[in-house]
1. Please compute the Kirkwood hydrodynamic radius of the range 37-81 from all pairs of different C-alpha atoms, in Å with one decimal.
2. By how many degrees, between 0 and 90 and to the nearest 10, does the Cα long axis of helix 2-27 differ from the longest principal axis of the chain?
3. How about Lys55: which lysines have a C-alpha closer than 20 Å to its C-alpha, ignoring those fewer than 8 places off in the same chain?
4. Convex hull volume of the Cα atoms in the chain, per residue, in Å³?
5. Using the heavy atoms of the protein chains and a 1.4 angstrom probe, tell me the accessible area per residue for the chain in square angstrom.
6. Counting only protein heavy atoms and a 1.4 Å probe, tell me what percentage of the chain's accessible area is made up of carbon and sulfur.
7. Compare Ala76, Ala49, Ala58 in a GNM of the chain, Cα atoms joined below 10 Å, and give the one with the largest fluctuation.
8. By accessible area of protein heavy atoms, probe 1.4 Å, what ranking do Lys77, Lys55, Lys11 get, highest first?
Amino acid sequence: MLSLAALGILKTSCVAYKSLLALMKYFVLPRKDLGQRYGRGSWALITGASDGLGKQYAHDFAQEGFNIVLVARNKAKLEAVAQEITDKFHVEVMTIIYDFSEL
């Protein structure tokens with residue numbers, strides 16, 4: 001019975017250690033600089049870029065100096081986002097209008 005308890009403690013300790021490493025990775029350690037890794041002026045492809053998370057990712061990458069390829073279904077929204085990014089961050093922006101659900 002004692003050996004099963006020891007195995008349980010060991011397993012719990014391993015899970016706690018991995019959880020602590022994950023927390024450190026996301027909240028304590030410095031974030032990687034993608035611009036330094038890939039070079040300023042590189043291209044980032046963002047899908048779902050006309051709304052929500054896709055739009056926010058497009059803004060974040062443009063702020064870091066990346067040129068952006070925006071992909072979405074809605075032409076009007078996508079062109080508005082492209083213009084907004086070009087005016088605000090002065091990077092190149094290409095748009096692709098495509099609905100991947102129609103493959």
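The values are calculated or read from the model by the stated rules, or taken from the named source; none is laboratory data. Because the structure is a prediction, the values reported are computed rather than measured. Protein only, heavy atoms only, side chains kept; ligands, DNA and RNA dropped before computing areas. Shrake-Rupley method; radii C 1.70, N 1.55, O 1.52, S 1.80 Å.
1. Details: mean 1/r = 0.0958 Å⁻¹.
One decimal place: 10.4 Å for the Kirkwood radius.
2. 30
3. Lys55 reaches Lys75, Lys77, Lys88.
4. Taking only Cα atoms, the chain has a hull volume of 163 Å³ per residue.
5. Details: 7900 Å² over 103 residues.
Solvent-accessible surface per residue comes out at 77 Å².
6. Numbers: 4860 of 7900 Å².
So the carbon and sulfur contribution to the accessible surface is 61 percent.
7. Result: Ala76 has the largest fluctuation of those listed.
8. On the way: Lys77 90, Lys55 65, Lys11 135 Å².
These residues rank, largest area first, as Lys11, Lys77, Lys55.
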